[in-house]
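**Student:** Okay, handing you the structure first.
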Amino acid sequence: MQALAASKKEFSMQDEKWLSGTELKGKIVTLIPLQLEHASALVEAASDGELWDLWYTKIPNKETVNGYIELALSEQDAGRSLAYSVIDNETQTIIGTTRLCHADCVNKRVEIGYTWYAKSYQRTSVNTECKFLLLSHAFENLSAIAVEFGTHWHNHASRNAIARLGAKQDGVIRNHQQMADGSYRDTVVFSVINSEWLAVKASLLFKLERRS
């Protein structure tokens, strides 16, 4: 029994170590570890477009931001997530957030989610570079075999953005989650697998070079 307990403890520690994170720096943005101290800056970013009014996603406001961050950090402590604030390199301000989440440490699968940016940064190169940095970290540093993306069926802007990255649609999970208003979310699932990464990487770099 003692040997089994020791084995389980060692396995748990290995799981938590898999999602090792660090600052991820690009030309346009830098991803820094999310902290409670970022709360007011995130609310300021979300106020650009009053993003908390979007019914099909959960974006924090002044009343909910602390709980939003605390939940992200608890998932990180459990080894299931790596949460980041997104910094505009030019202004050195926080413009949004993103994370690696829902990690399957045994099979080395992870999802990129909880991504949002201030409205004035949407439809720019910010999302492309953020996804490039996260995918690079997942495939090249964490040796992930697959990276997933999930979004609400009605979030057409997000679905189109994910497809433009080069991810392929796997399917739709019907009645996947119940929303705060009582409605049910159908989640559209996309993924990039490790054998596709080099082609996706070349495509993302090409897009970023064309916009630079």
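**Student:** I need every pair where a residue in segment 193-212 that is under 16 Å from Ser125 (Cβ atoms) and part of a loop (DSSP other than H, G, I, E, B) has its Cβ under 9 Å from the Cβ of a residue that is among the charged types (D, E, K, R) and modelled with pLDDT of 95 or more, sequence separation at least 6 or different chains.
**Tutor:** Ser212/Lys27
**Student:** When the residues of segment 188-212 are narrowed to those that are among the charged types (D, E, K, R) and open to solvent by 100 Å² or more (accessible area, probe 1.4 Å), which ends up nearest to Leu135 (Cα to Cα)? Don't jump to the end; show me each part of the working.
**Tutor:** Going residue by residue through segment 188-212, those that are among the charged types (D, E, K, R) are 196, 201, 207, 209-211.
Filter once more, so that each one left must be open to solvent by 100 Å² or more (accessible area, probe 1.4 Å): 209-211.
Values: Glu209: 17, Arg210: 20, Arg211: 19 Å.
Ranking the candidates gives Glu209 first.
**Student:** Enumerate the strands (runs of 3 or more DSSP E) found wholly within segment 71-125, keeping only those where 3 or more residues are of a type outside the set (Gly, Ala, Ser) and over 26 Å from Ser203 (Cα atoms).
**Tutor:** Once the strands (runs of 3 or more DSSP E) in segment 71-125 are filtered for at least 3 residues that are of a type outside the set (Gly, Ala, Ser) and over 26 Å from Ser203 (Cα atoms), what remains is 93-104.
**Student:** Can you find a residue in segment 50-65 that is open to solvent by 20 Å² or more (accessible area, probe 1.4 Å), more than 17 Å from Ala180 (Cα to Cα) and hydroxyl-bearing (Ser, Thr, Tyr)?
**Tutor:** no
**Student:** Does Asn175 qualify as being in contact (Cβ under 8 Å) with a residue 40 or more places away in the chain and open to solvent by 30 Å² or more (accessible area, probe 1.4 Å)?
**Tutor:** Against the criterion (in contact (Cβ under 8 Å) with a residue 40 or more places away in the chain and open to solvent by 30 Å² or more (accessible area, probe 1.4 Å)), Asn175 does not qualify.
**Student:** Which one of these does Asn127 not meet: (1) crowded, with 22+ Cβ neighbours inside 10 Å; (2) over 17 Å from the mean Cα position of the chain (by Cα); (3) among the polar types (S, T, N, Q)?
**Tutor:** Every condition holds for Asn127 apart from (2).
**Student:** For Ser40, which of the numbered conditions (1) surrounded by fewer than 18 Cβ atoms within 10 Å (Cβ to Cβ); (2) at pLDDT 95 or above; (3) not in a helix (DSSP H, G or I) fails to hold?
**Tutor:** With respect to (1) surrounded by fewer than 18 Cβ atoms within 10 Å (Cβ to Cβ); (2) at pLDDT 95 or above; (3) not in a helix (DSSP H, G or I), Ser40 is out only on (3).
**Student:** Also, I was wondering about something else. If I filter segment 1-37 down to residues being part of a helix (DSSP H, G or I) and modelled with pLDDT of 85 or more, which single residue comes out as nearest to Thr91 (Cα to Cα)?
**Tutor:** Result: Glu37.
**Student:** If you don't mind, there's one more thing I want to ask. Please state which one of Ser85, Ser74, Ser81 is open to solvent by less than 60 Å² (accessible area, probe 1.4 Å), under 25 Å from Ile193 (Cβ atoms) and at pLDDT 90 or above. Walk me through it before giving the result.
**Tutor:** Details: Ser85 fails: under 25 Å from Ile193 (Cβ atoms); Ser74 fails: under 25 Å from Ile193 (Cβ atoms).
The conditions single out Ser81.
**Student:** Filter segment 43-64 down to the residues that are assigned to a loop (DSSP other than H, G, I, E, B) and under 10 Å from Lys119 (Cβ atoms), then identify the one that is modelled with the lowest pLDDT.
**Tutor:** Ranking the candidates gives Gly49 first.
**Student:** Here is a list: Arg185, Arg164, Arg109, Arg159. Which entry is within 24 Å of Ile87 (Cβ to Cβ) and open to solvent by 20 Å² or more (accessible area, probe 1.4 Å)?
**Tutor:** One residue alone meets the criteria, Arg164.
The values are calculated or read from the model by the stated rules, or taken from the named source; none is laboratory data. Just so we're clear, the structure is a prediction, and the values are computed from it rather than from any experiment. When we count neighbours, we look across all protein chains shown, and the Cβ atoms used for this are built from the backbone with ideal geometry, even at glycine. Remember, those area values only see protein heavy atoms, side chains included, never the ligands or the DNA or RNA. Shrake-Rupley method; radii C 1.70, N 1.55, O 1.52, S 1.80 Å.
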